[in-house]
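For reference, the structure is listed below as structure tokens.
The values are calculated or read from the model by the stated rules, or taken from the named source; none is laboratory data. Computed from a predicted structure; not experimentally measured. Virtual Cβ from ideal backbone geometry, glycine too; neighbours counted across all protein chains shown.
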Amino acid sequence: MYPVVAPIIKIDQQRCLTPFACKRCIQTCPTAVFGVFETKMVRMEETDKYEPGTFRLRVIYRDKCSGCNQCVEVCPEDALSVTMPSEVPA
Amino acid sequence: MCRMCNSLGQGGTWYLNPKNYSNRMYKLREPGKRPTEALGNSPNAGAGQEAQAQTAAGGFRMALEAKANGDLDTFNQIIGEMNRRALMRPGGQVVPLFEVFEVLDMGMPVAAMMCICRKNTRACEECSLSEYTCMGLGSGMFKWERWPERYRGGVEFLSTKQAKEWVEYWDKKGMMHMLMQEGGDFIGGLCNCDYPDCGPIRQRIDYGLYAQLVKGEFVCFIDWDKCNGCGDCLGRCHYNALKWEATMEKAHIDQLNCFGCGLCETACPRDAISYLDRKKIPGLANVW
């Protein structure tokens with residue numbers, strides 16, 4: 001295997017507030033890079049997916065990202081950015 | 001033979017030993033310790049790097065970050081260390097459909113529910129029996145109502161007959177079956193999984209975490225005298241083992257990649273695919 005540097009994915013958490021209800025980027029991503037997690041689990045209570053901040057979008061498998069930008073195009077809030085790192089370590 | 005069969009099988013396959021479905025198995029877990037951390041949801045998420053590396057999820061996240069930055073040495077080091085630690089605590093094992101039926105004859109209660117992996121990686125909300133893909137097995141399921149977020153969309157308790165029909169339904173749709181141990185010596189559930197949304201499959205195939213998903217007891221074998229090259233089995237393999245050999249006009253299984261899930265076997269209309277016992281094949285007996 002040769003070292004491959006993956007693109008850097010930035011999520012603006014102030015704009016991406018209800019990722020579990022929106023789920024566009026999560027289901028668009030061809031390599032299934034994203035994950036969505038509840039911010040806290042409350043006993044005897046199901047979390048409301050429409051309440052801002054209850055779920056958080058995260059990048060789990062960033063090494064799989066191809067940089068195809070499909071998630072950026074599909075995001076209704078402009079919360080995502082995908083950029084290649086400018087310096088590639090040897 | 002793997003450790004699970006040695007210590008729990010009593011001379012046979014461990015999950016076919018009815019003793020392992022008893023309530024007692026729940027109590028064998030180490031007190032106060034969670035066997036596996038939920039991926040990316042660790043309580044130590046904000047802690048320092050060293051504390052993070054102590055949890056399985058934190059270590060895995062650091063490994064992925066290193067790989068994404070092109071640092072393969074760190075990646076291999078962490079994955080190697082995780083494999084050494086997890087050797088004795090398997091996460092799950094692949095089970096073919098005919099053995100799932102035997103498991104369902106023994107394990108009670110059976111409850112269908114949404115898949116936690118698919119909820120997290122594809123934001124799927126499964127709310128009815130035709131959508132549920134995961135199955136809780138054993139008395140631990142009686143406590144589900146305490147954590148509705150964990151069991152989002154509810155839980156449906158099934159009779160043995162219903163459960164068999166339900167698993168067969170998913171088998172037809174192309175989902176493989178996996179017995180979940182979640183790092184302990186007990187049977188926690190039976191998942192219907194596919195690549196890439198399933199956590200264990202992905203961690204095993206993409207990142208080489210061998211203990212997360214142990215191969216099944218069988219290897220699939222195609223009898224080329226019976227295979228007529230219809231191609232019905234193609235596209236069902238989640239493990240890159242099943243290929244089309246164009247020049248021979250037959251399907252082909254790579255035995256070293258095969259996990260023995262039997263999805264190709266259940267799709268074959270001519271019974272050309274059969275199961276070989278992994279333990280009886282010298283070159284595969286230690287490939288788990």
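A few comments on the model shown:
- Of the helices (runs of 4 or more DSSP H) lying entirely inside chain A, the ones with 2 or more residues being more than 9 Å from every other protein chain (Cβ to nearest Cβ) are found at A:24-28, A:70-74.
- Residue within region A:64-75 that is in contact (Cβ under 8 Å) with a residue 12 or more places away in the chain and among the acidic types (Asp, Glu) present: no
- When residues in region B:137-158 are screened for being hydrophobic (A, V, I, L, M, F, W, C) and away from every other protein chain (no Cβ under 14 Å), 5 of them pass.
- Verdict on B:ALA285 being away from chain A (no Cβ under 14 Å), out of contact with any helix residue (DSSP H, G or I) (no Cβ under 6 Å at 6 or more places or on another chain) and either surrounded by 14 or more Cβ atoms within 10 Å (Cβ to Cβ) or in a loop (DSSP other than H, G, I, E, B) (or both): no
- Any chance B:GLY231 is modelled with pLDDT of 90 or more and on the phi > 0 side of the Ramachandran plot: yes
- When the residues of region B:82-111 are filtered to those that are assigned to a helix (DSSP H, G or I) and of a type in the set (A, V, I, L, M), the one that is nearest to B:TYR239 (Cα to Cα) is B:LEU97.
- Residues in region B:234-249 that are surrounded by fewer than 20 Cβ atoms within 10 Å (Cβ to Cβ) and assigned to a strand (DSSP E or B): B:LYS243, B:TRP244, B:GLU245.
Per-residue answers, yes or no, for (1) crowded, with 16+ Cβ neighbours inside 10 Å; (2) within 14 Å of another protein chain (Cβ to nearest Cβ); (3) not acidic (Asp, Glu):
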| position | (1), (2), (3) |
| --- | --- |
| B:GLN93 | yes, no, yes |
| B:GLU102 | no, no, no |
| B:LYS119 | yes, yes, yes |
| B:ALA123 | yes, yes, yes |
| B:MET135 | yes, no, yes |
| B:THR160 | no, no, yes |
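- A count restricted to region B:200-230 and to residues that are more than 14 Å from B:ARG270 (Cβ to Cβ), surrounded by fewer than 22 Cβ atoms within 10 Å (Cβ to Cβ) and of a type in the set (Asp, Glu) stands at 1.
- Selected residue [within 14 Å of chain A (Cβ to nearest Cβ), surrounded by 15 or more Cβ atoms within 10 Å (Cβ to Cβ), out of contact with any Asp or Glu (no Cβ under 6 Å at 6 or more places or on another chain) and outside any strand (DSSP E or B)] from B:ASP185, B:ASP197, B:ASP171: B:ASP197
- Under the condition of being part of a helix (DSSP H, G or I) and either in contact with a Gly (Cβ under 7 Å, 6 or more places away or on another chain) or within 25 Å of B:PHE142 (Cβ to Cβ) (or both), the residues counted in region B:156-168 number 8.
- Of the criteria (1) part of a loop (DSSP other than H, G, I, E, B); (2) closer than 26 Å to B:GLU165 by Cα, which one B:GLY229 fails: (2)
Table: residues versus (1) more than 17 Å from B:CYS115 (Cα to Cα); (2) hydroxyl-bearing (Ser, Thr, Tyr); (3) surrounded by 18 or more Cβ atoms within 10 Å (Cβ to Cβ).
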position: A:ARG15; (1), (2), (3): yes, no, no
position: A:CYS22; (1), (2), (3): yes, no, yes
position: A:ILE26; (1), (2), (3): no, no, yes
position: A:PRO30; (1), (2), (3): yes, no, no
position: A:THR39; (1), (2), (3): yes, yes, no
position: A:ARG43; (1), (2), (3): yes, no, no
position: A:THR47; (1), (2), (3): no, yes, no
position: A:GLU51; (1), (2), (3): yes, no, no
